[in-house]
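A.B. asks: Encoded as structure tokens, here's the structure I'll be asking about.
Any read-out appearing in this document is the output of simple, stated calculations on the displayed coordinates, not a laboratory observation. Computed from a predicted model, the values in this text were never measured in an experiment. FYI the Cβ positions are ideal-geometry reconstructions off the backbone, even for glycines, and counts take in every protein chain you see.
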Ligand SMILES: [Zn+2]
């Protein structure tokens with residue numbers, strides 16, 4: 001498969017963490033300004049094979065110290081959106097946990113507004129549409145997460161369209177965040193949840209019961225035909241992140257990766273980076289790997305991006321604009 005064609009294809013990314021996706025040049029700039037050791041940010045890239053999800057997530061410890069000011073959050077959000085635009089991502093949902101950026105006293109509102117500022121700058125300069133998801137972290141207390149979603153739903157910030165739950169799924173199953181998630185959903189926030197990343201298809205079913213419209217990863221359902229039938233029947237999109245899924249041990253190898261199986265079964269799926277820097281990847285790379293591993297055709301890659309957009313947490317107008325762009329591509 002031709003890399004140039006995939007690069008040029010207008011692409012949609014639904015699952016991209018801000019803190020895990022900041023370009024290395026920007027990270028180094030922020031580390032230098034913070035007087036951190038010269039090679040500090042090398043820890044921000046995860047090994048090709050981690051011990052488990054928790055090990056993979058430990059890379060974020062390197063990045064978080066420089067993401068505690070409004071100026072740096074703005075710079076980081078801008079840089080992530082620009083990097084996505086540079087490989088022709090035309091719609092990006094950027095997610096992050098506001099509570100992770102409050103070590104030096106920023107409020108949830110300040111954190112979110114700083115990220116929005118960076119996103120707006122990028123949208124003013126480049127033809128990319130970016131929306132934001134606020135994540136609760138599984139290891140935070142249920143009270144803090146409930147307060148977070150209460151606050152996020154009251155903010156009335158146009159770009160913030162949905163909520164997510166991220167973090168250590170192995171030790172903190174979905175039951176730990178039920179109250180917080182229900183608070184968000186009851187306030188009309190659109191819900192996606194990391195689930196089924198560490199082997200539990202039960203978590204996928206719980207997330208759907210909580211009202212999730214999409215699932216982050218969800219690969220564990222490949223072991224359970226009943227779960228697969230429910231996900232298909234309810235038209236829940238799985239946000240697959242192939243490189244990340246191999247790194248964290250969500251699957252044992254490409255032969256075991258369920259992309260083609262889900263597509264054949266009729267489950268809506270999208271392809272994502274998860275973390276561009278931590279996983280040292282781009283959306284172009286993820287599509288290229290999948291094209292080679294699963295013999296994806298050009299039309300299938302266009303369709304995967306269109307499916308992603310149909311399930312995006314965006315207005316119908318934005319959805320139609322992006323879908324038209326994808327349809328038009330290659331027909332000029
Ligand atoms: Zn993720």
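A.B. asks: Given the options 198, 183, 248, which has the most mean-square fluctuation in a GNM of the chain, springs set between C-alpha atoms less than 10 angstrom apart?
C.D. replies: Highest fluctuation of the listed residues: 183.
A.B. asks: Taking the highest mean first, how do the peptides 232-238, 96-102 order by number of other beta carbon atoms within 10 angstrom per residue?
C.D. replies: Ranked from most to least packed, the peptides come out as 96-102, 232-238.
A.B. asks: Any chance you could check the Cα centroid distance between region 165-189 and region 1-65 for me, in angstrom?
C.D. replies: 25
A.B. asks: Still on this structure, I have one more. Return the distance in nm (one decimal) between the two label points of a simple spin-label model at residue 32 and residue 110, each offset 7 Å from Cα along Cα→Cβ.
C.D. replies: Rounded to a tenth, the inter-label distance reads 2.7 nm.
A.B. asks: Now for a separate question. Rank the residues 49, 246, 133 as a footprinting-exposure proxy: fewest other Cβ atoms within 10 Å of their Cβ go first.
C.D. replies: Going from sparsest to densest Cβ surroundings: 49, 246, 133.
A.B. asks: For the ranges 286-296, 207-217, what's the packing order if you count other beta-carbon atoms within 10 Å of each residue, average per peptide, and put the highest first?
C.D. replies: With the highest mean Cβ count within 10 Å placed first, the list reads 207-217, 286-296.
A.B. asks: At 7 Å along the Cα-to-beta-carbon direction for both residue 25 and residue 64, put a label point, then send me their distance in nm to one decimal.
C.D. replies: Placing both labels 7 Å along Cα→Cβ, they lie 2.9 nm apart.
A.B. asks: Could you sort the peptides 6-13, 314-321, 134-141, 262-269 by per-residue average Cβ neighbour count (10 Å cutoff), highest mean leading?
C.D. replies: 6-13, 134-141, 262-269, 314-321
A.B. asks: How much length is gained on full extension from residue 316 to residue 42, taking 0.36 nm per residue of separation minus their Cα-Cα distance?
C.D. replies: Using 0.36 nm per residue and subtracting the Cα-Cα distance, I get 94.6 nm.
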